[in-house]
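Worksheet: the structure to be examined is printed underneath.
The values are calculated or read from the model by the stated rules, or taken from the named source; none is laboratory data. Just so we're clear, the structure is a prediction, and the values are computed from it rather than from any experiment. Counting neighbours? That spans all protein chains shown, and the Cβs are built from the backbone with ideal geometry, glycine included.
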């Protein structure tokens with residue numbers, strides 16, 4: 001049987017792994033690794049797309065990151081929910097042919113290779129658009145498609161350091177990393193938004209297009225409120241958007257509390273509820289700028305007042321009148337009443353890990369969103385046979401490809 005003749009040339013094949021949502025029926029080929037690309041594709045899966053995670057025979061390195069889970073990396077589980085998984089060696093001719101057959105059935109392809117890699121692998125945009133003119137081709141890079149750094153490896157904390165985020169978190173003299181892969185996760189959101197927009201444009205034009213996302217763009221976009229330099233301003237102008245003054249973290253009798261009191265009514269409520277009404281009546285402190293200017297006078301009084309109760313008690317006292325939160329750990333979110341009320345976590349069943357709780361979908365569609373929770377992240381090569389069968393490969397052909405090392 002000629003496999004190529006068995007593969008549909010339609011942009012969308014019958015779904016074997018999609019869900020309910022606005023992107024139901026959309027097939028995404030996810031060739032990316034680590035966090036930004038994979039999580040961007042997970043967000044597409046959240047919206048109903050069928051996402052096929054395609055790993056090399058070496059596997060996504062995130063599977064091997066340190067974890068207290070013996071069978072699988074915790075980070076891998078967290079950023080690959082809702083996907084099918086297959087193994088494909090693009091460095092072999094047979095593996096490349098399989099990918100091209102998949103491209104014929106796909107709507108979207110996502111990768112995070114450096115710009116010089118796709119042409120070498122013969123999977124660059126110009127090549128694949130000849131096979132499928134409706135393909136949305138999304139390339140996630142470290143630094144973009146041009147410039148002296150285009151082919152450098154880009155990672156979250158590298159871009160944090162380069163873009164000023166670390167200096168902002170700490171100081172110029174002692175920069176500090178912002179943990180949590182914030183640049184990666186924001187890039188993932190840009191990826192999902194960009195792909196969705198390109199799919200919308202395709203509905204009007206019938207044509208696919210290239211979508212470029214980079215960690216550099218993500219790191220700068222995150223700082224757009226600070227990334228403003230007016231003509232004539234000195235280099236050392238303070239672009240910090242921190243309000244200064246009262247807003248921030250405070251020690252309490254037990255635990256730490258964050259409060260935000262920038263607006264006039266929140267400031268007045270804070271003063272009233274902490275017994276500092278005299279501060280609210282003082283014209284020296286009646287704006288955010290003034291309070292920042294006189295922080296050495298105001299903050300000690302607020303700190304002293306907050307030391308009289310625990311962080312949890314202050315949350316009750318402030319209620320809806322003063323924005324605040326006791327500083328918790330992420331583990332506390334598993335049983336947080338607001339998280340439970342919103343149904344943000346679900347229980348997954350995984351062939352190797354067993355059952356675990358994790359985030360379900362980050363976006364809600366409709367007032368009564370009844371879509372099912374996504375599937376657990378795939379094991380290595382878990383759905384290779386099913387994916388190949390779906391695009392017309394008979395079992396004996398799949399077995400030959402496995403013996404040749406082209407798929408796994």
Flagged in segment 151-189 as surrounded by 20 or more Cβ atoms within 10 Å (Cβ to Cβ) and within 25 Å of residue 118 (Cα to Cα), in numbering order, are 154, 156, 159, 183, 184, 187, 188
Where in segment 238-321 are there helices (runs of 4 or more DSSP H), lying fully within it, with 2 or more residues that are modelled with pLDDT of 95 or more and more than 34 Å from the chain's Cα centre (by Cα)? 264-273, 277-280, 295-306
Just to be sure, is residue 192 within 30 Å of residue 155 (Cβ to Cβ), touching a strand residue (DSSP E or B) at 6+ places or on another chain (Cβ under 9 Å) and assigned by TED's automatic domain parsing to the domain that holds residue 145? no
Can you tell me which residue within segment 39-73, out of those that are within 19 Å of residue 351 (Cβ to Cβ) and within 15 Å of the chain's Cα centre (by Cα), is surrounded by the fewest Cβ atoms within 10 Å (Cβ to Cβ)? 62
Inspect all residues belonging to segment 232-253 and state whether any of them is within 30 Å of residue 47 (Cβ to Cβ), touching a helix residue (DSSP H, G or I) at 6+ places or on another chain (Cβ under 6 Å) and surrounded by fewer than 20 Cβ atoms within 10 Å (Cβ to Cβ). no
For segment 334-351, give me each residue that is assigned to a strand (DSSP E or B) and loosely packed, with under 14 Cβ neighbours inside 10 Å. 347, 349
Can you spot a residue in segment 128-146 that is in the same structural domain as residue 34 (by TED's automatic domain parsing), touching a strand residue (DSSP E or B) at 6+ places or on another chain (Cβ under 8 Å), surrounded by fewer than 19 Cβ atoms within 10 Å (Cβ to Cβ) and without any contact (Cβ under 8 Å) to a residue 60 or more places away in the chain? no
Within segment 366-389, residues over 24 Å from residue 62 (Cα atoms), at pLDDT below 95 and surrounded by 15 or more Cβ atoms within 10 Å (Cβ to Cβ) come out as 371
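Listed here are the residues, each with its yes/no results for (1) closer than 24 Å to residue 79 by Cβ; (2) within 23 Å of the chain's Cα centre (by Cα).
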site: 120; (1), (2): no, no
site: 135; (1), (2): yes, yes
site: 141; (1), (2): yes, yes
site: 150; (1), (2): no, yes
Evaluate segment 205-216: report whether one residue or more is part of a helix (DSSP H, G or I) and surrounded by 17 or more Cβ atoms within 10 Å (Cβ to Cβ). yes
